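The structure under discussion appears below in the form of structure tokens.
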Amino acid sequence: MIHLILDHLWQSTLCLGAAGALTGLLRDNGAAVRYRIWLAASVKFLLPFALLVWVGHLLVPARMTGIESPAPPIALLAQQVASPFATPFATPFVTSFDAASQPAQALGIRWLSAGEWAALIWALGVLLIAVRWWLRWHRLRGLVREARPLALESAPPVRVTTATLEPGLVGILKPVLLLPERLIDQLARGELESIVAHELAHLRRRDNLTFALHMVSEILFWFFPPIWWLGRRLLLERERACDEQVLTAGYDAQVYGEGILKVCRFYLPASPGWSAGAAGSDLRTRMSAILSGTRAARVTGAKRVLLITSLAAAVLAPLLFGTVSAPAAAVQDEGSSSTVTPQQILQRRYEQARPRTAIPFHPADFDRFAGYYLVPEVDQVLHVYRQDKQFFMQGSLGVAPVEIYPEGPKKFFAKVAPVQISFNLAPGGAVTGLVVHGGGLLTTLRKISAQRAREVHAELQERIKQDKPSPGTEAAARKLIETQEAGHPDYQEMVPNLAAMAQLQRTLMQRMFAALGPLRSLEFKKVAPTGLDTYQATFAHGTVKVVISPLTSDGKVAAFAIVPSAL
């Protein structure tokens, strides 16, 4: 999930930058226009592009082509720009070439623990900020209940409180104008009327509702500084927009400005939140705008066209991207072991990460899929089975089972990771194998008998018991490291899937090895429960763990990963 969150924040930040550029062009126009632009940027934090792209997918019927159709180059380019953390990998500290066959094993439980810590810290932050806002809201509601009504010609009810606070509009569904009693005595009639007009502008604009929307963004993304900066921009433009409405209604600018200054002198602490007040935002900027007498220009001509086009593009662009990158329907030969290109991996990663919905599925219909499937080139077994109404897949020797959910008659998906499996059927309907869709790869597994699965398990257990490296893995690992250090990886030493993944990560690997320095030693440690040989590689500036699969029959490497020992 981390790379999905990072991609979402990156996409939202791009929209925030675009909003900043638009508001800069519209600096001479009304604050209400700029406020709506900033509000749209805030809403983007609550609306992932992936959702709109998924809707775009639904608009295009599946293409039954018989082969996998690549997405247009513009779609791949847009994907790389919009999702840099999902392509190729989010972090330069953990590198796994073969994510399709061994994602969890390559990263290890310590990566999961780090993710759990991050989730815990995020949840605590959400709780603290939510409690803070709730306490403010609770305080305001208490003041409203204790306040006495005031007979004043106004759309919302007006109540007077003895508390020292800024005049403000409280509530969303049933707003109440709350005025401090001592402040009323200090304001002249014209000043009070202009302050009330300011609050009525908040009411017409529904500012408390939009404030609540942005507050949700602040709570969910409290750790992201731009979201707080955006909140300040919203506050500034909100108050300036109300100022403009007050002056447009004919109130005297001098009287109105003096009223705001009196409010500020009366109320020195910050606003308690959950209310739209007259004294909020940057006072110097607001007073300058009020007293200057300058009226904001209307948005016309080219600016209007630019504004409409930009806002439409923010919604239509991901929808269009979803239509042009809609994947081909699953077909019999999609698990082909032919050479895969880095561009295909990028496309598949996007497809594999899109939102999925489970469909009704009769449990008994799953029984024909249950059984054992042999992972090619690494001699491991994937067990697919059913427990009552739940469906699972499980790797060899103690790897935790993963529940899978139906999304089609013969295709299932996992929720814990962007991985799916689709089953291959013979002309008569018999299940011959399955295809694992994960990490941007399509890996075909052949269905085997229970007896053959036991034999593979026994062979793996014997390797683990002997705890000796497979022939050639040390030399292969050393060569892969040395060629990466030299900046000229030997892709001929790898199976096609691994070679394509290595090409995607070439720059990432070069940076990693440049930081580690020259290789000093490579020491065998153990055979992992997954059957991969584990080595400790010592470099001039650090030590990492290297895992590598037994070589294939033609001497190639099928799985290879480098994991910093700190993890």
Which FRET efficiency, nearest 0.05, do residue 523 and residue 432 yield, Cβ-Cβ r, R0 30 Å?
0.10
Please work out how much length the chain gains when fully extended from residue 163 to residue 451, using 0.36 nm per residue of separation minus the C-alpha to C-alpha distance, in nm with one decimal.
95.7 nm
Of 174/262; 411/447; 447/556; 44/303, which ones are farther than 20 Å apart at the Cα?
174/262; 447/556; 44/303
Is the range 499-546 rounded, prolate or oblate when judged by the Cα gyration tensor, a ≥ b ≥ c being the square roots of its eigenvalues, rounded requiring a/c under 1.5 and prolate requiring a/b larger than b/c?
oblate
Among 380, 450, 420, the residue whose Cα sits farthest towards the positive end of the charge dipole of the range 350-461 (+1 at Cβ of Lys and Arg, -1 at Cβ of Asp and Glu, taken about the Cα centre) is 420
Assign unit charges at the C-beta atoms only (+1 for Lys and Arg, -1 for Asp and Glu), then state the dipole size of the range 131-281 relative to its Cα centre in Debye, rounded to the nearest 20.
620 debye
In the range 131-281, what is the volume of the convex hull around the alpha carbon atoms, normalised per residue and reported in Å³?
107 Å³
For the range 351-467, I need the span (max minus min coordinate) of the C-alpha atoms along each principal axis, in Å, sorted largest to smallest.
46, 32, 27
With r as the distance between the Cβ atoms of residue 5 and residue 311 and R0 = 30 Å, compute the FRET efficiency 1/(1 + (r/R0)^6) and round to 0.05.
0.75
If the reach is capped at under 16 angstrom between alpha carbons, list the lysines near residue 526, excluding any in the same chain fewer than eight residues apart.
465, 468, 545
Stretch residue 403-residue 55 to full length: gain in nm at 0.36 nm per residue minus the Cα-Cα span?
122.7 nm
Protection proxy ranking, peptides 508-515, 214-221, average beta carbon neighbours within 10 Å, highest first
214-221, 508-515
Isotropically averaged projected area of the range 464-564, using the convex hull of Cα atoms (one quarter of hull area), nm²
6.0 nm²
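Bear in mind that the values in this text are calculations on the coordinates, not laboratory data. These numbers were taken from a predicted model, which means no experiment stands behind them. All Cβ positions, even for glycine, are placed from backbone atoms using ideal geometry, and neighbour counts span all protein chains on display.
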